[in-house]
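The values are calculated or read from the model by the stated rules, or taken from the named source; none is laboratory data. Since this is a predicted model, take the numbers as computed values, not measurements. Using ideal geometry, Cβ is built from the backbone for each residue, glycine included, and neighbour counts are taken over all protein chains shown.
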Amino acid sequence: MKFDPNTVHSRVSSPLGVLILAATPRGLSGVWFDDQQYLPPWAAWPTAIDHPVLLATTAWLSAYFEGSRRPFDQPLDLSAGTAFQQSVWQALLKIPLGQCSTYGQISQDIGNPKAVRAVGGAIGHNPIGIIVPCHRVIGKDGTLTGYAGGLARKTELLDLELGTKGLF
C-alpha cells in the first residue's frame, strides 16, 4: 500500500484497544488497532490531534462504541490501495449495519466471482477498519474467519452491531 506523504495521525482509546487514526488532505485514510496485522508506518507520520477529520472520527467512534448507529459522514481517502482493493473496500461500504456478507458475495458484487481469495486479501488489508466494515464479512457457512484485528475483536464488533452476544 502506498500512503499519501501528507498523512497525519492520532491515537485514541477504545473499548477494544488503542486505535491509530490517519488522515490525508482528502479525508480519513486509516483506522487500525495498534497491534493488528498489516499496520502501515504510522509512527513516521506527524501527530495531528487537532485535525478536523480525526477529531470527527474520534467522536464518531466514541458514539459507535456507546451504541450509536449514525452514518459516518466524513470523507474517506482509500487511495492507498490498488484499484482492485479499492473496489473491494467500496463494496464493504455497501454492507448495511446489522447485516453480514460473505467473501463470495463480495467477489460477486465487484463483478469478479472467481476472486474470492483475492477479495479476502483485500479485506485483510482494509485501511479503515470499523468504518469500512470488513468485520461484517463472514465465511459462506456463517462462521467467523479472518480479521486483521483478531477474531475476538471481530466478535465484539458484530455483537455490538447485531446484538448477537454469544452467537459468534
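Here is how the numbers come out for the structure above:
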{"item": "Sole exception among (1) on the phi < 0 side of the Ramachandran plot; (2) free of Cβ contacts under 8 Å to residues at least 40 places away in the same chain; (3) surrounded by fewer than 16 Cβ atoms within 10 Å (Cβ to Cβ) for I138, by number", "result": "(3)"}
{"item": "Residue that is farthest from the chain's Cα centre (by Cα), among those in the stretch 62-77 that are among the charged types (D, E, K, R) and surrounded by fewer than 19 Cβ atoms within 10 Å (Cβ to Cβ)", "result": "E66"}
{"item": "Qualifying residue in the stretch 85-108 (condition: charged (D, E, K, R), surrounded by fewer than 21 Cβ atoms within 10 Å (Cβ to Cβ) and within 24 Å of R26 (Cβ to Cβ))", "result": "yes"}
{"item": "Flag if Q85 is in contact (Cβ under 8 Å) with a residue 40 or more places away in the chain and not in a helix (DSSP H, G or I)", "result": "no"}
{"item": "Unmet requirement for G163, which otherwise passes all of (1) exposed (fewer than 14 other Cβ atoms within 10 Å of the Cβ); (2) touching a His at 6+ places or on another chain (Cβ under 9 Å); (3) not acidic (D, E)", "result": "(2)"}
{"item": "Elements of type strands (runs of 3 or more DSSP E) in the stretch 4-46, at least 2 residues being under 12 Å from the mean Cα position of the chain (by Cα) and either under 18 Å from L76 (Cα atoms) or among the charged types (D, E, K, R) (or both)", "result": "19-24, 27-33"}
{"item": "Test: residue in the stretch 47-54 that is in a loop (DSSP other than H, G, I, E, B), surrounded by fewer than 20 Cβ atoms within 10 Å (Cβ to Cβ), of a type in the set (A, V, I, L, M, F, W, C) and over 17 Å from the mean Cα position of the chain (by Cα)", "result": "yes"}
{"item": "Meets criteria (at pLDDT 95 or above and either surrounded by 14 or more Cβ atoms within 10 Å (Cβ to Cβ) or within 14 Å of the chain's Cα centre (by Cα) (or both)) for A59", "result": "no"}
{"item": "Residue, modelled with the highest pLDDT, within the stretch 1-11, restricted to residues that are surrounded by fewer than 17 Cβ atoms within 10 Å (Cβ to Cβ) and within 16 Å of I128 (Cβ to Cβ)", "result": "R11"}
